[in-house]
Amino acid sequence: MRSRLFARALALCAAFLAPALASAHEVYVLTPAEIRYGLAAPPFNEAAFAWADFSQFAFWAFLAALVVFIVFFASIIRPLERRLGPSLAKLRPYAPAISRVTVGLGFLTAAYHQALFGPELPLAGTFAGYEGLVTGALVIIGFFIAFGAYARAAALAAILLFCIEVIAHGVYMLTYVNYLGELLLLLILGAHTLAVHTRGNGARRAPEWLRRAEERLAPYGFLILRVAFGISLLYASFYAKILHNNLALQVASLPLAGHPESLAAVFGFEPHFLVLGAAIIEIVIALFFILGIEIRFTSLFLLFWLSLSLWYFGEAVWPHIILIGIPVAFIFYGYDRYSLEGRFFKRRGREPVL
């Protein structure tokens with residue numbers, strides 16, 4: 001009995017930021033036939049499963065809310081802020097560099113795997129006949145961004161490729177609007193720290209109008225990234241757990257690597273109920289990013305459960321580079337002035353720890 005309760009408690013944490021059922025990235029662990037079925041089959045009624053076992057639903061909802069409130073109040077304790085604040089402040093200047101290297105690696109690995117943003121978007125599908133040209137462009141863009149040389153020009157070229165994918169795939173590209181957020185941040189801040197142009201003082205030779213624009217727009221850079229990342233999580237969760245929830249249902253029913261039972265069976269939940277809980281939690285987490293609530297805590301849990309997802313399901317790492325790098329950048333950066341916690345709980349140079 002105790003072991004089963006512990007397993008369910010662990011499942012609560014997994015659902016809290018569970019990339020094992022991660023958004024539209026279900027396509028990474030399903031076969032083409034399973035994806036076709038998931039997209040074609042009518043979605044099951046999630047509300048019916050909530051009402052069918054409302055007591056269990058309410059119980060786990062209460063525990064999730066309790067965790068949120070405990071983390072919130074713990075992270076605004078003044079002694080903790082005073083103790084950790086100076087260390088966190090030292091991390092902040094490195095956040096733009098982490099963000100820049102993340103998106104640069106994303107494009108380099110995309111060139112290697114011949115798919116832009118995700119494996120379900122092969123270059124041959126969008127750029128038929130021009131795959132070689134696009135591959136070369138991705139390598140150049142990736143190197144320039146990663147090393148911080150002509151970063152803004154490379155970001156503009158990458159945004160052009162993103163726009164072409166939008167024309168080809170429409171609203172589905174909201175799944176990858178986190179890339180657009182990274183690129184817009186790069187346009188605003190340029191190469192920033194730990195970059196070729198910074199070390200060579202290239203940034204100082206920028207035109208006056210560009211330096212003024214950067215100064216004015218810099219406070220909005222991580223706001224844009226935070227909102228874009230939240231939107232990508234929100235849409236991806238809606239796509240695979242509500243609109244086409246049979247995709248997530250199949251993932252919940254897959255056996256874990258080296259284990260004969262499915263994810264739902266291991267955690268002791270009915271698969272439909274697990275998908276419902278994951279959908280609700282992921283939507284809440286997306287809103288946390290968009291609004292700026294518990295940014296570091298949410299990022300840490302995302303990284304932890306993403307690691308478990310990669311380990312359990314044996315997924316390819318390269319499509320998740322963007323999902324790894326952005327939370328790391330948020331951990332380093334903390335709260336911008338337009339986040340809710342940054343707006344109401346930043347005081348005297350200190351901010352909420354988590």
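Kindly provide the set of residues from the stretch 268-282 that are more than 13 Å from N245 (Cβ to Cβ) and part of a helix (DSSP H, G or I), ordered by number. Before the answer, list the steps.
Filtering the stretch 268-282 for residues more than 13 Å from N245 (Cβ to Cβ) gives 268-270, 281.
The one that is more than 13 Å from N245 (Cβ to Cβ) and part of a helix (DSSP H, G or I): I281.
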Review point. Of all the residues that make up the stretch 38-56, how many are under 26 Å from the mean Cα position of the chain (by Cα) and either of a type in the set (D, E) or part of a helix (DSSP H, G or I) (or both)?
Key: 3
**Study point:** Residues of the stretch 317-340 satisfying the condition of being within 16 Å of R296 (Cα to Cα) and either part of a loop (DSSP other than H, G, I, E, B) or free of Cβ contacts under 8 Å to residues at least 60 places away in the same chain (or both)
**Key:** P327, G334, Y335, D336, R337, Y338, S339, L340
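Looking only at the stretch 66-110, filter to residues that are of a type in the set (D, E, K, R) and modelled with pLDDT of 80 or more; which one of those is nearest to T193 (Cα to Cα)?
We begin by selecting, within the stretch 66-110, every residue of a type in the set (D, E, K, R); these are 78, 81-83, 90, 92, 100.
Narrowing the set further to residues that are modelled with pLDDT of 80 or more leaves 90, 92, 100.
Details: K90: 13, R92: 11, R100: 10 Å.
That would be R100.
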Check your understanding: Which residue out of V101, V139, V134, V166 is of a type in the set (V, I, T) and within 22 Å of A329 (Cβ to Cβ)?
Key -> V101
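The values are calculated or read from the model by the stated rules, or taken from the named source; none is laboratory data. Since this is a predicted model, take the numbers as computed values, not measurements. Cβ: placed from backbone, ideal geometry, glycine included. Neighbour counts: every protein chain shown.
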